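Below: the structure, in structure tokens.
The values are calculated or read from the model by the stated rules, or taken from the named source; none is laboratory data. Please read these numbers as outputs of a predicted model, since none were measured by experiment. Here the Cβ positions follow ideal geometry from the backbone for every residue, glycine too, while neighbour counts run over all protein chains shown. Just the protein is used for accessible areas: all its heavy atoms, side chains included, with ligands, DNA and RNA removed. Shrake-Rupley method; radii C 1.70, N 1.55, O 1.52, S 1.80 Å.
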Amino acid sequence: MQVYSGLATSHGIAIGISRKILREPLEIKQTSITPDEITRELQRFEAGVESIILELDELIKLYSHSRDNRDILTTHKMILMDPEFLIRVRTKITKELFTTEHAIQQHFAEVVELFQKMDNEYFAQRSADYKDVSDRLLSHLLNKSSDSLDSIEAGTIIISDTISPSLLSRLIQQNIGGLCLERGTRNSHSSIIARSMNVPMIINVPQVSTEFADGQMMILDGNTGTVILHPDEATLQEYQKKLTQQQHRRDKLQEMLYESAVTSDGHPVILRSNIEIPEEMTAVLDANSDGIGLFRTEFLFMGSNHLPSEQEQYNMYRSIAEQAAPHSVTIRTIDVGGDKLSALLNLDRESNPNLGCRGIRLSFAKEEVFRVQIRAVLRANITGSIKLMFPMISGIGEFRKVKDIIVQCGAELDDRGEPWRMPDLGVMIEVPSAALTADVLAKEVAFMSIGTNDLVQYTLAVDRDNDMVEAYYQTAHPAVLRLIEHTAQQAAAHNIPVAVCGEMAGDPRYLPLLLGLGVTELSVSPSRILTLKQQIRAISYNHWKLVAKEVLSLATARDVEERITKEGSYDSLR
Ligand code: PEP
Ligand code: MG
């Protein structure tokens, strides 16, 4: 039995068999042929490509309900059908007398090398796709059991170096038990998705590539960040007991389902869900939350090979609004850029992407893409339950510009004779300048939603995705708390709601403090709703108002953490 420790970014316990998805090169023994073998090799190549295309067609049918999976598989099929790929491999066989396997391996190695030189997330993701296709084809030709991702069984524990959000969404569809990764960060989008889908995830386990292999019995303890390989009988029994208790706690939490989120002294709190992909609606409905406080629509633009049309977006927004009814759905316009690059928008490489053309800035730069999304939202809001908000707003000027575009979009729909309705318009407060001018914003917007993930990043000048500076990413820093308090005060003065939709809202250590600072709504991963409701029902709002006041005068994040910890332990609520 070996025990390792990492950082748990999604809680819960998983016991299962490991599956390593680090790509290891397949061994190709024979690399060259004689001229009389050319015809046979070409036939092997054509037959191999054809059978993988058939296999992919079957899978595309199987995943017809899941757009993410379908799009990834379609991209793989397109890679195999690319005339340049076919010509280059054939040339390597006929001119350079390579075996089919060697020709394929060389071709993909060249493509991947080219992509990796480009050093951005999209191209890294593309090289993962190429590697996947290459492995699939080579495994087939070498008669190796298919190492494709589709054969992963429910309950499997995935071990890998890192994981992209689109690959993770695909694995979650296959009901994996958990993930153990070599690298990652707490607030990356993959961590957020894992939390939202209740899949335990542990990152920063450096031994993954050297000491972990396929088919090992493993335990992930997402409550402590412990990873156990080859557990002995006693440990296995202990964790099986914990797993049963976890299930029992989850069953017990169901009692909270129809309770209201009101503090012990009668202060009501609105608890909404964050979603990234439409598949999460099931979890939202199961949690019985007050609708959706943040729908991160950029996921519709990622991992896909085409930009979603107005009609496609309309169908999606309408369906989500109908499912969430009678509650509202807050749609956030695309927030691509920064860590969420999309080649579909032809983004240029920037030396400092988090401070570059992202969020609303990108929407202004790609105004037609923005207008398509706005028109889809205006049409889908025919029932009036959609709210619309904008990311990375730095001040009122940008909000006014957005409003002008929306009015023009409404006029375009009138010209087309299309029915539509104006949604409530709000802004995300995630740039310090927006928080500091919340008084100005609050006069003109219908609501504000504080994105603490970015607010911490921009206030403390610390990259939220860089594990080397993770210690500087201090959610409880007094500067962050003061910006939250100022925003909440201004919202109250202008009689508009103020939410927190960053990860801070779902953290039981900070939730009472946020209420004490004057936040009226919380939007969290659906998997957190019932636990937080239980916590809200146990705390006193008036008491936390006093604690918040005290905390605002403290000097460091550590002082704040210590003060909060005096109020009690939060472990059982994680
Ligand atoms: C945030 O910044 O807190 C937020 C909710 O947005 P995202 O995590 O998508 O950047
Ligand atoms: Mg943000």
Would you list the helices (runs of 4 or more DSSP H) that sit entirely within the range 318-422 and hold 2 or more residues that are closer than 22 Å to residue 441 by Cα, of a type in the set (D, E, K, R) and over 21 Å from the mean Cα position of the chain (by Cα)?
-> 396-416
Report whether or not residue 414 is away from ligand 1 (no atom under 16 Å from the Cβ), under 15 Å from residue 360 (Cβ atoms) and either of a type in the set (Phe, Trp, Tyr) or surrounded by fewer than 23 Cβ atoms within 10 Å (Cβ to Cβ) (or both).
-> no
Specify the residue that is modelled with the lowest pLDDT; the eligible residues are those in the range 137-161 that are buried (at least 18 other Cβ atoms within 10 Å of the Cβ) and under 28 Å from residue 229 (Cβ atoms).
-> 147
Positions within the range 1-24 being in contact (Cβ under 8 Å) with a residue 12 or more places away in the chain, open to solvent by 70 Å² or more (accessible area, probe 1.4 Å) and not small (Gly, Ala, Ser), in sequence order = 1, 2, 3, 17, 23
Checked 502, 518 against criteria (open to solvent by 10 Å² or more (accessible area, probe 1.4 Å) and of a type outside the set (D, E, K, R)); the one match is 518
Which of the residues spanning the range 235-249 are open to solvent by 70 Å² or more (accessible area, probe 1.4 Å) and over 12 Å from residue 12 (Cα atoms)?
-> 237, 238, 240, 241, 248
State all residues of the range 521-558 that are closer than 23 Å to residue 477 by Cβ and charged (D, E, K, R); if no residue qualifies, say none.
-> 521, 528, 545, 549, 550, 558
When the range 443-460 is examined, which residues are found to be surrounded by fewer than 22 Cβ atoms within 10 Å (Cβ to Cβ) and away from ligand 1 (no atom under 16 Å from the Cβ)?
-> 443, 444, 446
If you go through the range 266-284, how many residues are open to solvent by less than 80 Å² (accessible area, probe 1.4 Å) and at pLDDT 90 or above?
-> 10
How many residues does the range 1-40 hold that are assigned to a strand (DSSP E or B) and under 22 Å from residue 186 (Cβ atoms)?
-> 9
Selected residue (only one of 421, 332, 361, 400 is of a type in the set (D, E, K, R), open to solvent by 30 Å² or more (accessible area, probe 1.4 Å) and within 15 Å of ligand 1 (Cβ to nearest atom)) = 361
What are the residue pairs meeting all of these: first residue in the range 446-474, first residue within 28 Å of residue 403 (Cβ to Cβ), second residue more than 10 Å from ligand 2 (Cβ to nearest atom) and open to solvent by 40 Å² or more (accessible area, probe 1.4 Å), Cβ atoms under 6 Å, and 6 or more apart or on different chains?
-> 446/424; 447/497
Going through the range 449-503 in order, the residues found to be in contact with a His (Cβ under 8 Å, 6 or more places away or on another chain) and within 13 Å of ligand 2 (Cβ to nearest atom) are 456, 459
Scope the range 250-265; condition loosely packed, with under 14 Cβ neighbours inside 10 Å and not polar (S, T, N, Q); matching residues = 251, 252, 255, 257, 258, 259, 265
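Here is a yes/no grid of residues against (1) within 16 Å of ligand 1 (Cβ to nearest atom); (2) open to solvent by 20 Å² or more (accessible area, probe 1.4 Å); (3) outside any loop (DSSP other than H, G, I, E, B); (4) touching a Leu at 6+ places or on another chain (Cβ under 7 Å):
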| position | (1), (2), (3), (4) |
| --- | --- |
| 168 | yes, no, yes, no |
| 172 | no, yes, yes, no |
| 183 | no, yes, no, no |
| 191 | yes, no, yes, no |
| 206 | no, yes, no, no |
| 210 | no, yes, yes, no |
| 214 | no, yes, no, no |
| 218 | no, no, yes, yes |
Go through (1) at negative phi; (2) more than 15 Å from ligand 1 (Cβ to nearest atom) and name the single condition residue 495 misses.
-> (1)
